[in-house]
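Presented below is the structure to which this report refers.
The values are calculated or read from the model by the stated rules, or taken from the named source; none is laboratory data. Since the model is a prediction, treat every value here as computed from it, not as a measurement. Quick reminder, even Gly has a Cβ in these numbers, built from the backbone with ideal geometry, and neighbours come from all protein chains shown. All accessible areas refer to the heavy atoms of the entire protein, side chains included, with ligands and DNA or RNA removed. Shrake-Rupley method; radii C 1.70, N 1.55, O 1.52, S 1.80 Å.
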Amino acid sequence: MAHEALSRDTLAVVTGRPGRAPGTPVSPDIEFSSTYVSWGPYGYGESMYARGDNATWKLFEEAVGTLEGAPDGAVAFPSGMAAGTAILELIPDGGRLVMADTCYNTMLALASERAASGRLQLTTVDASDTAAVVAALPGADWLLLESPTNPLLQVADLRALCAAARQAGVRVGVDNTFATPMLQNPLALGADVVMHSATKYLSGHSDVLLGVVIAADAELAGRVRQYRIVQGSIPGPMETWLALRGLRTLPVRLERAQASAGVLAERLAVHPAVSRVRYPGLPDDPGHAVARAQMRGFGAMLAIEIAGGEAAAQAVVEAVRLWVPATSLGGVESLIERRRRIPSEPASVPQNLLRLSVGLEDVEDLWADLRQALDAV
Ligand SMILES: Cc1ncc(COP(=O)(O)O)c(C=O)c1O
């Protein structure tokens with residue numbers, strides 16, 4: 001059946017398969033080989049040496065690329081940060097990058113380091129303020145966005161910003177880690193490249209580090225692939241296999257986690273220990289209208305601010321018994337973290353903010369655990 005006729009939920013199951021010929025394994029083999037039988041002129045792009053290509057990467061890339069709307073455009077990396085670095089490498093030396101002032105802190109730290117050493121010029125803006133981003137575009141080379149953002153759950157108007165960037169001759173990259181391709185497709189909204197920390201929802205079981213860049217345009221995808229070959233920033237076959245295995249259940253995992261996140265957001269919003277809930281699914285959230293227009297759901301990440309301040313927020317983290325106090329997100333288990341414990345988290349993230357990654361446990365068990373911890377402060 002032609003892939004175009006299939007829903008995203010089906011594509012997550014059927015793409016990146018080895019084939020349907022009799023005798024083909026239904027679950028793909030993991031290809032552990034550093035080199036391949038070959039003779040004749042040496043070249044990249046065919047299986048000759050495993051820094052160039054690997055059959056297990058290819059299946060994962062086909063699946064993620066298909067879900068993001070660019071079946072041939074995905075390039076896997078050993079982590080989300082390696083994928084983000086590959087995007088920064090697309091910026092010409094000395095070029096100007098416009099970036100959200102609050103987004104995944106290590107991406108911000110990496111771009112700031114490059115700015116400090118003169119490799120690029122960096123302008124940071126509030127990406128939820130469309131007019132401010134548009135005003136920063138003239139003379140820029142690239143715009144890097146994340147939506148919803150980590151950890152403030154701010155929403156950028158991707159369609160409007162990609163259109164403005166195109167007019168200004170600025171390329172756009174979007175970190176789609178929080179939304180996943182099930183809920184949002186930045187390429188369809190006008191972005192040039194998308195990235196994921198595949199460590200999170202795509203893999204989904206907190207057992208893999210992996211990243212991926214997806215480019216709509218063959219020239220850009222080729223540059224990203226060439227960068228991976230020469231820098232040697234390659235993923236492990238085992239990791240890509242695990243991520244592909246995880247991807248098969250992404251639609252059902254996300255559906256369950258998202259439904260629970262919606263319930264928890266509503267209950268948290270009326271708990272006296274919580275001064276603010278940040279979740280684009282709440283009708284009074286500043287990002288609600290834009291999220292509604294560009295996403296197919298609001299996701300399973302939320303952030304809460306604790307009325308009692310930093311110490312009370314820390315006490316909540318220490319009082320939960322089911323939620324796991326840990327960094328990262330997007331796994332089957334629910335995680336809770338006070339983000340400002342991380343020194344590189346920008347000051348725009350409140351000290352009393354807790355980021356919640358809602359997993360697959362029963363929502364009533366999750367709520368009972370959170371409520372007892374909140375009641376105690
Ligand atoms: C939104 C976002 N982008 C990128 C990254 C970096 O990914 P990785 O940890 O896989 O390098 C993270 C990690 O938390 C993230 O949350």
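The lone criterion from (1) over 22 Å from Ala289 (Cβ atoms); (2) more than 20 Å from the chain's Cα centre (by Cα) left unmet by Ile87 is number (2).
Selection of segment 40-64 for residues being of a type in the set (Phe, Trp, Tyr) and buried (at least 19 other Cβ atoms within 10 Å of the Cβ) yields Trp57, Phe60.
Residues are listed down the side, and each one gets a yes or a no for (1) within 15 Å of the ligand (Cβ to nearest atom); (2) open to solvent by less than 10 Å² (accessible area, probe 1.4 Å); (3) in contact with a Phe, Trp or Tyr (Cβ under 7 Å, 6 or more places away or on another chain); (4) of a type in the set (A, V, I, L, M, F, W, C):
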| site | (1), (2), (3), (4) |
| --- | --- |
| Ala188 | no, no, no, yes |
| His196 | yes, yes, no, no |
| Gln226 | no, no, no, no |
| Ser233 | yes, no, yes, no |
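For Cys103, the criteria (1) within 21 Å of Tyr227 (Cβ to Cβ); (2) in a loop (DSSP other than H, G, I, E, B) hold in every case but one, which is (1). When the residues of segment 65-123 are filtered to those that are of a type in the set (Val, Ile, Thr) and within 12 Å of the ligand (Cβ to nearest atom), the one that is surrounded by the fewest Cβ atoms within 10 Å (Cβ to Cβ) is Thr106. The residues in segment 356-370 that are open to solvent by less than 10 Å² (accessible area, probe 1.4 Å) and not in a helix (DSSP H, G or I) can be counted, and the count is 4.
If a residue must be open to solvent by 10 Å² or more (accessible area, probe 1.4 Å), assigned to a helix (DSSP H, G or I) and in contact with a Leu (Cβ under 9 Å, 6 or more places away or on another chain), how many such residues does segment 235-250 contain? Looking only at that region, the number is 3. One residue stands out in segment 150-181 among those that are of a type in the set (D, E, K, R) and under 17 Å from Asp126 (Cβ atoms): the one that is nearest to the ligand (Cβ to nearest atom), namely Asp175. Evaluate segment 177-184: report whether one residue or more is aromatic (Phe, Trp, Tyr), in a loop (DSSP other than H, G, I, E, B) and buried (at least 17 other Cβ atoms within 10 Å of the Cβ). Scanning segment 177-184, I find at least one residue that is aromatic (Phe, Trp, Tyr), in a loop (DSSP other than H, G, I, E, B) and buried (at least 17 other Cβ atoms within 10 Å of the Cβ), so the answer is yes. With respect to the conditions (1) in contact (Cβ under 8 Å) with a residue 12 or more places away in the chain; (2) open to solvent by 10 Å² or more (accessible area, probe 1.4 Å), Gly222 lacks only one, and its number is (1).
Going by the conditions given, is Gly299 surrounded by 22 or more Cβ atoms within 10 Å (Cβ to Cβ) and at positive phi? Working first, answer last.
Details: surrounded by 22 or more Cβ atoms within 10 Å (Cβ to Cβ): yes; at positive phi: yes.
Yes: the conditions hold for Gly299.
Among the residues of segment 205-222 satisfying the criterion of being more than 16 Å from Ala188 (Cβ to Cβ) and within 12 Å of the chain's Cα centre (by Cα), which is farthest from the ligand (Cβ to nearest atom)? Going through the qualifying residues, I end up with Val213.
Ala135 meets all of the listed conditions (1) buried (at least 20 other Cβ atoms within 10 Å of the Cβ); (2) away from the ligand (no atom under 15 Å from the Cβ); (3) outside any loop (DSSP other than H, G, I, E, B) but one, namely (1).
Tell me yes or no: at least one residue of segment 43-54 is in contact (Cβ under 8 Å) with a residue 40 or more places away in the chain, farther than 25 Å from Leu250 by Cα, assigned by TED's automatic domain parsing to the domain that holds Gln231 and of a type in the set (A, V, I, L, M). Yes, because at least one residue in segment 43-54 is in contact (Cβ under 8 Å) with a residue 40 or more places away in the chain, farther than 25 Å from Leu250 by Cα, assigned by TED's automatic domain parsing to the domain that holds Gln231 and of a type in the set (A, V, I, L, M).
Which one is most open to solvent (accessible area, probe 1.4 Å), of the residues in segment 307-352 that are of a type in the set (Asp, Glu) and in a helix (DSSP H, G or I)?
Of everything passing the filter in segment 307-352, Glu318 is most open to solvent (accessible area, probe 1.4 Å).
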